[in-house]
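Accompanying notes for the structure given below.
The values are calculated or read from the model by the stated rules, or taken from the named source; none is laboratory data. Note that the structure is predicted; figures quoted are calculated from it, not measured. Positions of Cβ are backbone-derived with ideal geometry, glycine not excepted, and every protein chain shown enters the neighbour counts. Surface accessibility is based on the protein's heavy atoms, side chains included, excluding ligands, DNA and RNA. Shrake-Rupley method; radii C 1.70, N 1.55, O 1.52, S 1.80 Å.
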Amino acid sequence: MPRTTDPLMKTAFLWRATMADAEVAPADRERFEAWLRADAAHARAYERARRFWDEMGDLDPAALDPAFFKPSPGERLRRAPAPRGGLGARRLAPLAGGLAAACLVLLLAVQLIPGVGPAGPETYTAAVGRTRGVDLADGSRITLGADTSVEVRFTPELRLVRMGPGEAYFEVARDADRPFEVVGGGTRIVVHGTAFNVRRSARETQVAVREGVVSVHVDEAPQAAAPVGAPAAQAAPAATLAAGERLTVRADGDATRDASLQPEAVGAWRENLLVYIDAPLAEIAADINRYRHRKVRIAEQDVAELRVTATFDSGDIDGLLQTLTEVFPVRLDATAQEIVLRRVR
């Protein structure tokens, strides 16, 4: 029988094969129900296996490669006559057919279901001005902020996400055997099960934790073009963050830690709230540019470095810009292509 690379999905498919038997033993049924109750991830995995199995029901066996039904050495052994009053050949024949069908379903599952077998990376993108939720095969979920892209690859040893510029909120399903890593901007974030937010720009990467604990590693020599799955160059732990903590890693590798956040404020942008605490105006401009096609440019460096503590509605970018002109000595010069923030002279 072919192996899946995800032990949970392998178990789920084997349980589906067992429960498909019209003569399933009561003891097996009890064990199956106990397995389902043990973890919500078990029920999700079994539901995926059940749907896939059911969809295979209409497949014409005559259209399949006969090699699919070639028994393994173990199955050939099970076909041999039982030595002492065991099951005869007539009982073993349908059993062998069931095993072949189970092998076929498992083989196709390995090839076709994301997160079960080896596969190339999947890329997910949220457009400018839009957010997007992505449910991953392991039960984790990523909420992509506007104009953000991630590349996801699962292997038997690792769940890996490469993130480009933008913002994303991660709700990671616990898996003690496969850590979940987010790589980008010279940082590597390692978790097993938690909720956290990552914001990336050309200037810096921010990691803020809402629930659980994450480890953030900073590459001494960031390699933006490194292939997915490549180890971090000379990576060392920079911080272990708990709920309410944030690490800001600048492009030069320097890192600043902030432990004053309210955990419930982490990822507030998912509710259309843009929250800034002593943030440079350049950060706000970068966020604005992910929410609208007509971009904002800051003309002077001293304007870009003005500090802001405020909360804005991401659905009212024009109101946000107007507020900036009322609070700071800046003006807006608008053209069809862009809006320029300049210091008032």
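Structure values in brief
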read-out: Qualifying residue in the range 164-186 (condition: among the charged types (D, E, K, R) and at positive phi); value: no
read-out: Residue in the range 24-32 that is without any contact (Cβ under 8 Å) to a residue 24 or more places away in the chain, among the β-branched types (Val, Ile, Thr) and assigned to a helix (DSSP H, G or I) present; value: no
read-out: Set 332, 341: member being over 23 Å from residue 208 (Cα atoms), open to solvent by 20 Å² or more (accessible area, probe 1.4 Å), modelled with pLDDT of 90 or more and assigned to a strand (DSSP E or B); value: 332
read-out: Residue that is modelled with pLDDT of 90 or more, in contact with a Phe, Trp or Tyr (Cβ under 7 Å, 6 or more places away or on another chain) and β-branched (Val, Ile, Thr), where the choices are 216, 190, 183, 209; value: 209
read-out: Residue 42, sole failed condition from (1) in contact with a helix residue (DSSP H, G or I) (Cβ under 6 Å, 6 or more places away or on another chain); (2) at pLDDT 80 or above; (3) open to solvent by 50 Å² or more (accessible area, probe 1.4 Å); value: (3)
read-out: Residues (of a type outside the set (A, V, I, L, M), more than 24 Å from the chain's Cα centre (by Cα) and either farther than 20 Å from residue 168 by Cβ or not in a strand (DSSP E or B) (or both)) located in the range 245-261; value: 252, 253, 254, 256, 257, 260
read-out: Among the candidates 309, 335, 256, residue that is touching a residue at least 24 places away in the same chain (Cβ under 8 Å) and of a type in the set (Val, Ile, Thr); value: 309
read-out: Residue in the range 181-191 that is open to solvent by 40 Å² or more (accessible area, probe 1.4 Å), polar (S, T, N, Q) and more than 9 Å from the chain's Cα centre (by Cα) present; value: no
read-out: Any chance residue 138 is at positive phi and open to solvent by 10 Å² or more (accessible area, probe 1.4 Å); value: no
read-out: Residue within the range 237-246 that is among the basic types (Lys, Arg), modelled with pLDDT of 85 or more and surrounded by fewer than 21 Cβ atoms within 10 Å (Cβ to Cβ) present; value: no
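Yes/no matrix, rows are residues, columns are (1) open to solvent by less than 10 Å² (accessible area, probe 1.4 Å); (2) under 18 Å from residue 167 (Cα atoms):
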position: 258; (1), (2): no, no
position: 262; (1), (2): no, no
position: 265; (1), (2): no, yes
position: 275; (1), (2): no, yes
position: 287; (1), (2): yes, yes
position: 294; (1), (2): no, no
position: 305; (1), (2): no, no
position: 311; (1), (2): no, yes
